[in-house]
Amino acid sequence: NAAKLSHHTVALWARVLAAVPKSRLLLKGSGLEDPAFQSLLRDRFAAREVDPCRIDFLGRTPGLESHLAVYHQIDIALDTFPYHGTTTTCEALWMGRPTLTLAGQRHASRVGVSLLQAVGHPEWIANDDDDYVSRALQLAGQIEERRSLAFSLRDQLRQSPLLDHAGQARRWGDAIRAAFA
């Protein structure tokens with residue numbers, strides 16, 4: 001969601017790009033195919049000394065299959081802030097891509113934290129900007145671990161509370177019964 005590309009997000013992602021010199025950033029979403037918007041974002045990164053050629057843009061894809069296939073083009077997903085992704089984070093995990101998030105103080109900036117804790121990867125949760133860059137650099141260097149995750153992360157997600165539909169229904173039912181007891 002282009003509206004989530006806050007100045008803080010761009011500044012921190014620029015630091016990640018500086019820390020991982022051969023990295024590129026792929027931004028995908030509705031409106032990102034607009035040349036004027038691309039120019040604006042490239043200028044924001046250039047102001048932070050990131051070569052604008054390292055930023056790639058992709059608009060909406062025609063269907064779910066092609067949308068999810070885009071995840072094969074990335075190694076690491078970077079969460080936005082202060083408003084985290086929800087669907088995007090779940091999609092990245094489903095497609096075997098680690099997702100780095102920055103913990104905030106409000107619900108909107110803690111969704112990624114909840115999702116990553118539920119799937120068993122608190123090591124992808126940064127506490128501050130420096131920690132975010134450090135964790136991104138560490139993930140970038142873990143090539144074999146990321147390859148393994150590409151094949152195991154979907155099963156980790158399936159086994160997590162996030163996809164425990166029967167357990168959630170049971171907990172919901174218990175809560176309703178307790179509320180009326």
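The values are calculated or read from the model by the stated rules, or taken from the named source; none is laboratory data. All values derive from a computational prediction rather than experimental measurement. Note: ideal-geometry Cβ built from the backbone for every residue, glycine included; neighbour counts use all protein chains shown. Ligands, DNA and RNA are stripped out before the accessible areas are found, and what is left, the full protein with its side chains, is counted by its heavy atoms. Shrake-Rupley method; radii C 1.70, N 1.55, O 1.52, S 1.80 Å.
Observations
- Applying a threshold of 8 Å to beta carbon distances and a minimum spacing of six or more residues, or different chains, the list of pairs starting in segment 103-130 at a residue that is closer than 17 Å to Val16 by Cα and ending at one that is open to solvent by 80 Å² or more (accessible area, probe 1.4 Å) and not charged (D, E, K, R) reads Ala103/Asn127; Ile125/Gln117.
- Residue count, segment 49-87 (criterion: open to solvent by 50 Å² or more (accessible area, probe 1.4 Å) and without any contact (Cβ under 8 Å) to a residue 24 or more places away in the chain): 7
- Among the residues of segment 88-97, the one identified as open to solvent by less than 20 Å² (accessible area, probe 1.4 Å) and of a type in the set (Ser, Thr, Tyr) is Thr89.
- Residues of segment 18-35 that turn out to be under 19 Å from Thr88 (Cβ atoms) and either part of a helix (DSSP H, G or I) or open to solvent by 40 Å² or more (accessible area, probe 1.4 Å) (or both), as a count: 5
- Check on Ala14, within 26 Å of Pro122 (Cβ to Cβ), at pLDDT below 95 and touching a Phe, Trp or Tyr at 6+ places or on another chain (Cβ under 6 Å): no
- Candidates in segment 121-143 are the residues that are of a type in the set (A, V, I, L, M, F, W, C) and open to solvent by 40 Å² or more (accessible area, probe 1.4 Å); of these, the one that is nearest to Phe81 (Cα to Cα) is Leu137.
- Just one of the numbered conditions (1) modelled with pLDDT of 95 or more; (2) open to solvent by 50 Å² or more (accessible area, probe 1.4 Å); (3) under 18 Å from Tyr132 (Cα atoms) is not true of Ala103: (2).
- Exactly one residue out of Arg60, Arg147, Arg97 is basic (Lys, Arg) and assigned to a helix (DSSP H, G or I): that is Arg147.
- Within segment 144-181, the only residue that satisfies the criterion of being at pLDDT 95 or above, exposed (fewer than 10 other Cβ atoms within 10 Å of the Cβ) and under 29 Å from Trp13 (Cβ atoms) is Glu144.
- Check on Ala3, at pLDDT below 90, assigned to a helix (DSSP H, G or I) and over 26 Å from Ile143 (Cα atoms): yes
- Checking Cys90 against (1) within 20 Å of Ser134 (Cα to Cα); (2) under 17 Å from the mean Cα position of the chain (by Cα); (3) of a type outside the set (Ser, Thr, Tyr), the condition it does not meet: (1)
- Residue match in segment 36-45 (condition: surrounded by fewer than 17 Cβ atoms within 10 Å (Cβ to Cβ) and in a loop (DSSP other than H, G, I, E, B)): no
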